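Contents: one structure, followed by commentary.
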Amino acid sequence: MDMVVGTLKLFFVLRESHSLKDKRRVLRRLKQVLFNKFRVAVAEVDHQDTWQRATLGIAAVGNDGEHVNAVLSKVVDSVRFVPEAEMLDYELEIFR
């Protein structure tokens, strides 16, 4: 059985955030929603000390590359319209 790992980096701007506390509140809720809905690992991986920028790293593991890719693609689709966090770009990679 092969193991497939998918990684996703999401780049955001949080225009309504005026402090690190505001940013953390938005990201905490977003990370929890993504975990609950897709069962993926989520962590803030860059811009930790910048209050209007955020980069989230997401990982999914499985034995079917198409399934892992589909899950991460659904994550991208679900965060496109988050009002508090505007997605600027993303990077998706699949490792076999």
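Values in this text are rule-based calculations from the coordinates and carry no lab data. Small disclaimer: the values here were computed from a predicted structure and weren't measured. Cβ coordinates were reconstructed from backbone atoms using ideal geometry, including for glycine residues, and neighbour counts include every protein chain displayed.
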*Distribution of pairwise C-alpha distances over segment 4-95, 10 Å bins, in %*: 17, 53, 25, 6, 0
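Taking the alpha carbon gyration tensor of segment 23-62, what are the square roots of 5 times its eigenvalues, largest first, to the nearest whole Å? Spell out each step's value before the answer.
On the way: eigenvalues 79, 28, 5 Å².
So the equivalent ellipsoid measures 20, 12, 5 Å along its semi-axes.
Sort 41-52, 10-21 by packing, meaning the average of other beta carbons within 10 Å per residue, with the highest value first.
Details: 41-52: 13.8, 10-21: 15.6.
Ranking the peptides 41-52, 10-21 by packing returns 10-21, 41-52.
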*Taking the Cβ-Cβ separation of R25 and S78 as r and a Förster radius of 22 Å, what is the calculated FRET efficiency to the nearest 0.05?*
0.70
*Treating the angle as unsigned and between 0 and 90°, give the value, to the nearest 10°, between the Cα long axis of helix 20-38 and the longest Cα principal axis of the chain.*
20
_Residues of segment 68-88 with amide N under 18 Å of a point placed 7 Å along Cα→Cβ from R15_ = 79-88
*What angle, in degrees between 0 and 90 and rounded to the nearest 10, separates the Cα long axis of helix 65-79 from the longest principal axis of the Cα atoms of the chain?*
20
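Less than 14 Å Cβ to Cβ from M3, Lys/Arg counted +1 and Asp/Glu -1: what total charge do the surrounding residues give?
Numbers: positive: R96; negative: D2, D64.
Computed value for this residue: -1.
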